[in-house]
Amino acid sequence: MRVAFGVLGPTVAESDGRALALKGPRHRAVLARLVVARRRVVPVTHLVGDLWTDPPPGAVGAVQTFVAALRRVLEPDRPPRAPARLLVTDGPGYALRPEPDAVDAWCFETAVGAAARLPVTQALPRLEEALALWRGPAYAEFEEEDWARGERSRLAELRLQAVERRARTQLDLGLAAEAVPDLDVHLAAHPWREDAWRLLALALYRQDRQGDALGVLRRARAVLADQLGVDPGPRLRRLEADILAQDPGLDPPAGRSATAARLWTRTAAAYDRTVAAGARARLETTVSLIRNLAVTGGGGLAAARQHRMEAIAAAEEFGDPDLTARVIGAYDVPAIWTRSDDPELARRIVEAAERALAASPGDAHEAARCRLLATIALETRGSRAPRGPQAAREAVEIARRLDDPALLAFALNGAFMQSFTRAGLAPRRDEIGAELVELAARHDLVTYEVLGHLIRLQARGALADFAAADRHAAAVDRLAERHELPLASVFTQWYRALRLAASGQPAGAETAYRDAAARLDGAGMPGLERGLLPLALLSLRVEHRRRTWSDTGPGDTGPGGGGPGGSDPGPVEIDLGADWGPYRPWATPFALLASGRRAEARAALRALPEPPRDLMYEACCCLEAVVALEVGDRDVLERARTRLLPAAGELAGAGSGLIALGPVEDHLADITTALRAPTSPVPPR
């Protein structure tokens, strides 16, 4: 059950759109206080002081009762005595550890921050999305509480800035009329905001309402004098002078952004008037928009996923398999990450594609069939079923036969997604990336050119050819900047953190990883984001420990016995309270080892599933091997050796373009040494 929390208004919690019963006001106060702490621990003594001015006897017990009641509401399916994962006990107190996108205030901050980095055409919808999250004043029922006051003020100021930034963005886009109503409401509640007065006057002037604009400025002067006893600042005075002089610098921007906004508005209105509401052409046009939306950034990608299945369902209602095939196949958005952002959506898309294939006549258009097969190959990423590789091979064959560059690029993307049937396939993926780069550059398929460079970045990293990987990262950044593809730079930022990790700079790498993870907030890629930062930090610490041990020498006594100077680096410390996403099974044995529970660690190791067939396959295999070395599990070591042998020439994990765990051959050497000395496990090198 995924729980979301709302504090932009009264404090609420909900799951699947259903409000959860939080009982009394003190329960909500505990919850709100933990949200304010932003995943940090709040000692019980602080909670007592925050809840009561004069704490009664038994206040600590009352707090414990409130927490227990909240846990029953937030995690109703948690088995008795099982540790909580959301509202956790940690040291002297409690911490609430929701996912980064599960608290409306956090989502608001992320969206506002992302908008500041986006072009104006993309920033406006992001700001609208952020402001729509507000249901009332932040932490509305706790306005008198000291612990909430600072956070309430900070969020309120950020909201005021967002309203004004939205107005500026609207003006930059030539949408002055749209800015006026919101600014009027904004100023009625906050009349001391000089920049808002300036924006309102400018918006009116740009609608040829010079008299109204000057009236707003006179009103601003009166309000500031009456309420604050000050004169307008220099920017307001300058604007008044410029309006009186009808300065051409006040005219709407004549650049491409404003022109494009006006063109979009007129064209959309003409399309609405001309094309019948139920026409199939509308559906196909909508799918093209959804496709383009997916490459504009996080908000666009999330919205595209939401609307994609709706478009497929609408196409199926026509009962025309050709139309359905076109609608499904039109979404040829390049994909680099091998774990689905929405597995349930992927399953439904594959089922719809299979239905369209089955319903198509024998002489169906081969291009439509190729697109359906490529879609199946893409959406079954990470699966062990043979259907994905089969669909990928057939799609590539058809595309080559038709000699259609765009179709071949789409099919090669499917082939890339199905190139993880075993370890050690980086050279094959490098070939796919090279073909994509050449094909896309020759035929001006920009998004696929970016994809090809990203695939080669991953593959060359896996092969420890960082000079080549650096060149591909630079090419991605150039293309992304030139063609406004903001998501591409997320991957190059993570790659540069990997470079620091692989070059033995753990402190710099950790900072870089945390910065890169911040870019993922609101990027619309949960399949990539969930668990990635904890996994990256675990890999960084495991590899640093290996390097430390290798530098000093393991000696003859095994783990804990010390090499020269007694230099056992000790266990890898991790926080299981973090959001590990799909990687939790591989983190659990490390946590158990760190707490000295070796038997439980061995049991957790034995219970591990087979690693998914994706970009993290070799990394997961190596993490298993590291734990198996610690606990001396020969069976797991034999299994890890078999899985890793084909990748002996690669750098473990670096094929992801995100993390690194050292050369695979070093892991294999450690395994071989351990298997030759069955009476004593050896620590990692």
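Worth a mention:
- Filter result (aromatic (F, W, Y) and under 16 Å from A502 (Cβ atoms)) within region 432-489: F466
- Of the residues A116, A111, A69, the single one that is small (G, A, S) and open to solvent by 50 Å² or more (accessible area, probe 1.4 Å) is A116.
- Hits in region 27-48 - residues which are closer than 22 Å to R135 by Cβ and surrounded by fewer than 16 Cβ atoms within 10 Å (Cβ to Cβ): R38
Results for (1) modelled with pLDDT of 95 or more; (2) not in a loop (DSSP other than H, G, I, E, B), shown as yes or no for each residue.
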position	(1), (2)
A21	no, no
A32	yes, yes
V35	yes, yes
R38	no, no
T53	no, no
A68	no, yes
P76	no, no
P80	no, no
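- Exactly one residue among T324, T338, T285, T274 is farther than 26 Å from T492 by Cα, touching an Asp or Glu at 6+ places or on another chain (Cβ under 7 Å) and of a type in the set (V, I, T), and that residue is T324.
- The combined condition, being farther than 26 Å from L357 by Cα, at pLDDT 95 or above and open to solvent by less than 40 Å² (accessible area, probe 1.4 Å), is fulfilled by L454.
- Only a single item in (1) crowded, with 17+ Cβ neighbours inside 10 Å; (2) of a type in the set (D, E); (3) under 20 Å from R369 (Cβ atoms) is not met by D341, and it is number (3).
- Region 315-331: number of residues that are part of a helix (DSSP H, G or I) and open to solvent by less than 30 Å² (accessible area, probe 1.4 Å): 7
- Where helices (runs of 4 or more DSSP H) fall wholly inside region 492-552, the ranges with 2 or more residues that are among the charged types (D, E, K, R), within 30 Å of Q306 (Cα to Cα) and open to solvent by 10 Å² or more (accessible area, probe 1.4 Å) are 506-520.
- Matching residues, region 393-434, being closer than 22 Å to F466 by Cβ and either open to solvent by 30 Å² or more (accessible area, probe 1.4 Å) or β-branched (V, I, T) (or both): P427, R428, E431, I432, A434
- Residue check, P56 touching a residue at least 24 places away in the same chain (Cβ under 8 Å) and exposed (fewer than 13 other Cβ atoms within 10 Å of the Cβ): no
- Members of region 294-314 found to be within 19 Å of L124 (Cβ to Cβ) and either open to solvent by less than 60 Å² (accessible area, probe 1.4 Å) or of a type in the set (S, T, Y) (or both), listed by number: A294, V295, T296, G297, G298, G299, G300, L301, A302, A303, A304
- Odd one out for A102, checked against (1) out of contact with any helix residue (DSSP H, G or I) (no Cβ under 9 Å at 6 or more places or on another chain); (2) open to solvent by 10 Å² or more (accessible area, probe 1.4 Å); (3) of a type in the set (G, A, S): (2)
- In the set (1) open to solvent by 30 Å² or more (accessible area, probe 1.4 Å); (2) among the hydrophobic types (A, V, I, L, M, F, W, C); (3) free of Cβ contacts under 8 Å to residues at least 60 places away in the same chain, A353 fails one condition alone, (1).
The values are calculated or read from the model by the stated rules, or taken from the named source; none is laboratory data. The shown structure was predicted, so the numbers you read here are calculated from the model rather than taken from an experiment. Methodologically, a virtual Cβ is constructed for each residue, glycine included, from the backbone with ideal geometry; neighbour enumeration extends over all protein chains shown. We work out accessible area using only protein heavy atoms, side chains counted, and drop any ligands, DNA or RNA first. Shrake-Rupley method; radii C 1.70, N 1.55, O 1.52, S 1.80 Å.
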